[in-house]
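The values are calculated or read from the model by the stated rules, or taken from the named source; none is laboratory data. For clarity, every value in this text was computed on a predicted model and none was experimentally measured. Cβ: placed from backbone, ideal geometry, glycine included. Neighbour counts: every protein chain shown. Just so you know, the surface numbers come from the protein's heavy atoms only, side chains and all, with ligands and any DNA or RNA stripped out. Shrake-Rupley method; radii C 1.70, N 1.55, O 1.52, S 1.80 Å.
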Amino acid sequence: MALFSKKPAEKTPLDGIAVVLADLDGVVYAGPKAIPHAVESLNKAAETTRVGYITNNASRTDAQVAHHLRELGLDLVTEDVVTSPQAAMGLLREVAPAGATILVVGGEGLTHEVTKAGFVVTDSAESNPAAVIQGFSPDLGWRNLAEAAFALNARPEGYPDGIPWIATNMDWTIPVERGTAPGNGTLVSAVHLATGRLPVVAGKPELPIFDEAKK
């Protein structure tokens, strides 16, 4: 009778898993190119399991990230992508009034979410911002970091310890096509050394980005 018994199905790492959250930089791609086997593996996982894509990289919008992933061959919609700027908006709403002016130290991915959340974007501490939010952009320079320091070192009325400071993430490095480069944590550290302060963080491994992904 043993000849006719069915062989038990082999277990896989996805057994009992409802959702897979895939990191992106250095996991799915490095710069514009896919990591070997990443696309095929995630498309296979998506046949039986809900797959989401989460990134600490604040330089691009969710739509731009989704477009890049589709170019690489992944099957997804924009809503499958969760970015650290999206996660940071929940933190920003807790510390800044609706419609407040926010000093944004970052690129399009961050300014897009701040504007979409109903805040006014500024790049100058002279605009008396209600908070500073900082995320990675390859175009950030000394002047941007200096404006953050000016705003965070000020002590406006009602803020004896200074205005709130939110960072999208604290990754020291970022993998790109040519290798490993300084990440947002390195740039945040420069502002930290100029102010003696530390930000509240939205991205991995902190909880806000995972809470946003669960939504």
* Structure fact -> On the formula 1/(1 + (r/R0)^6), with r taken between the Cβ atoms of E108 and L207 and R0 of 25 Å, the FRET efficiency rounded to 0.05 is 0.45
* Structure fact -> Carbon plus sulfur, as percent of the 1.4 Å-probe accessible area of region 1-100, comes to 59
* Asked: Is region 56-110 best put as rounded, prolate or oblate by its Cα gyration tensor, with a ≥ b ≥ c the root eigenvalues, rounded for a/c under 1.5, and otherwise prolate when a/b is larger than b/c, oblate when not?
  -> prolate
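Report for the chain the percent antiparallel among DSSP-assigned beta bridges with both residues inside it, nearest 5. Could the numbers behind the result be given before it?
Values: 6 of 26 bridges.
Percentage antiparallel, nearest 5: 25.
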* To do: List every residue whose amide H lies under 5 Å from the amide H of V51, counting only residues 5 or more places away in sequence or on a different chain, with H placed 1.01 Å from N in the peptide plane.
  => V20
* Enumerate the calculated ³J(HN,Hα) couplings along region 18-30 in order (Karplus 6.51 cos²θ - 1.76 cosθ + 1.60, θ = phi - 60°), each rounded to whole Hz, writing x wherever the residue is Gly or Pro. => 8, 9, 10, 10, 9, 5, 10, 4, x, 10, 9, 8, 10
* **Simple Cβ-charge dipole of region 80-212, Lys/Arg +1 and Asp/Glu -1, about Cα centre, in debye nearest 20** => 240
* Could you state the accessible area per residue of region 55-131 in Å², with a 1.4 Å probe and every protein chain left in place? => 41
* Asked: Could you give the distance between the Cα centres of region 108-183 and region 185-200, to the whole Å?
  -> 10
* Which percent, nearest 5, of DSSP beta bridges in region 21-91 are antiparallel? -> 25
* **Calculated Rg and Dmax of the chain using C-alpha coordinates, Å** => 20.3, 84
* Set the Förster distance to 30 Å, then compute FRET efficiency between K33 and T78 from the Cβ-Cβ distance, nearest 0.05. => 0.90
* To do: Quickly estimate the mean residue ellipticity at 222 nm for the chain, helices only: each DSSP H run with n ≥ 4 gives -39500 (n - 2.57), and the total goes over all residues, rounded to 500.
  => -10000 deg cm²/dmol
